[in-house]
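The values are calculated or read from the model by the stated rules, or taken from the named source; none is laboratory data. Small disclaimer: the values here were computed from a predicted structure and weren't measured. Glycine also receives a Cβ, built like all others from the backbone with ideal geometry; neighbour counts cover every protein chain displayed. The accessibility values were calculated without ligands, DNA or RNA, using every heavy atom of the protein model including side chains. Shrake-Rupley method; radii C 1.70, N 1.55, O 1.52, S 1.80 Å.
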Amino acid sequence: MAKYENLIPRFLKYVKINTRSTPNSTTIPSNERLTKFAEGLVEDLKAIGLTNVHINAQSSYVYATLPANTDKAVKKLGFISHFDTADFNSENINPQFVENYDGQSVIKLDDAGKYTLDPAVFPNLKNYQGDTLITTDGSTLLGADDKSGVAEIMAAAEYLLAHPEIKHGEIEIGLGPDEEIGTGADHFDVKDFGADIAYTVDGGPLGQLEYETFNAADAQVEITGTNVHPAEAKGVMVNASQVAMDFHAALPEHDRPENTEGREGFFHLYSMNGTVDSAHLSYIIRDHDRQIFEDRKKLFQGVADQLNKQYGSQRVDVTIKDQYYNMREVIEKDMTVVDLAKQALEDLDIKPLIFPVRGGTDGSKISFMGLPTPNLFAGGENMHGRFEYVSEQTMEKATDVIIKIAELAEQQA
Ligand SMILES: [Zn+2]
């Protein structure tokens, strides 16, 4: 019998329920599906035997507590994951199983073989020799991002309840909506949650531990032209589309996503449209280093100022909005949360995979609310589309890690 008998059944039950979040929605959560799913989670968390199970009114996160079974003053640990799925078909998700995968065969997702998992295309498949893989049928995503995290956290709590000989402090669980549309953590209620340190269990492959993210801003550029007949344009016309191209050309050419890696930041033009009369450019600005991030925003504004000066009138308006910051700034003040996770991985003979994230996590926002929250692996691969898959054995190891962190925190208290 499997060590965590409900881990995979619960995961399968959850992925079959459509929880795709709705971009640009003005409600919290972003749709009714998510409300319903949250209500189901409340029932399941109560059935496991957790206490204080409720839906937080501010964030629509489902919160639950596993009470301490020791008198020691242990740091309260939090484990967080999200139950919404990305913007991709999530109707009738039909998980497929590949048992004892050989690490080299091409896996057919649909019967016709139109979509396949091919190690030549997805080399990470080679890491799963001997594992049981759960895949899609090619028509939907899987939702291992992040229902694997949800199922792992619940399995760990259930295991700890059934094994009182493993001593641990109080453990808080937070399962939330709308991570995929970037708003889920905005309303996270740190005080109601009650943890001292926390982890999102929302990472990818075995061993992943992330505590460094981008600093991030969104930047919109509005350009106003002067449209006259081309025949009489000399000295009069200001072509907004031309100004837009000049604006983009004035940004450092190397600093684009397609030219950068590791800790190199960028300006990314993700949308543009324009006529002679007006033009609009949309960018994201990213950098791991806070000072360089601030400098990038200044440079961006400086290009607009320069163009306005050149035209002698206000042609270019820039609006920059910060989105999130590098969690490392918060976490490095007290590395306990990272050290615990590293120790847990080492104790379980899992090689830690630690790299700066070229993006953000829910923990980037939550860390800046005062709760240091790095990201642990949950096991999913190829997230957000039909090629998503997860290994059962990796999900078990992620559950092992959660339990080991709880155990270590108690021993070190
Ligand atoms: Zn996720």
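Annotations
- Against the empirical curve 2.2 N^0.38 Å, the C-alpha radius of gyration of the chain lands at a ratio of 1.11.
- Filter on K46/K351; K351/K404; K75/K404; K297/K365; K13/K191; K75/K191 - keep pairs with C-alpha separation over 24 Å: K46/K351; K13/K191
- Taking trypsin sites (Lys or Arg not before Pro) across the stretch 302-369, the ones in a DSSP loop with at most 15 further Cβ atoms lying within 10 angstrom of their Cβ are K333.
- Cβ-derived FRET efficiency at R0 30 Å, I17 paired with T70, nearest 0.05: 0.25
- Per residue, the convex hull spanned by the Cα atoms of the stretch 11-53 amounts to 73 cubic angstrom.
- Packing, taken as the mean count of other beta carbons within 10 Å per residue, orders the peptides 123-135, 165-177 from highest to lowest as 165-177, 123-135.
- Close Lys-Lys pairs in the stretch 90-189, where close means Cα under 24 Å and separation is 8 or more or interchain: 4
- In the chain, helical runs assigned H by DSSP with n ≥ 4 each contribute -39500 (n - 2.57); averaged across all residues and rounded to the nearest 500, the mean residue ellipticity at 222 nm is -9500 deg cm²/dmol.
- The calculated FRET efficiency for E294 paired with K351, based on their beta-carbon distance and R0 = 56 Å, is about 0.95.
- For the chain, accessible area per residue (1.4 Å probe, heavy atoms of protein chains only), Å²: 44
- Nearest 10 degrees, 0 to 90: helix 144-162 Cα axis against the chain principal axis: 30
- Cα long-axis angle, helix 32-48 against the chain (0 to 90 degrees, to the nearest 10): 20
- Accessible area of the chain belonging to carbon and sulfur atoms, whole % at 1.4 Å probe: 48
- Taken along the Cα-to-beta-carbon direction at a fixed 7 Å, the label points for D218 and E232 span 4.2 nm.
- Per the Kirkwood formula applied to alpha carbons, the stretch 330-413 shows a radius of gyration over Rh ratio, Rg over Rh, of 0.99.
- The chain: angle of helix 240-249 to the longest principal axis, Cα-based, in degrees nearest 10: 60
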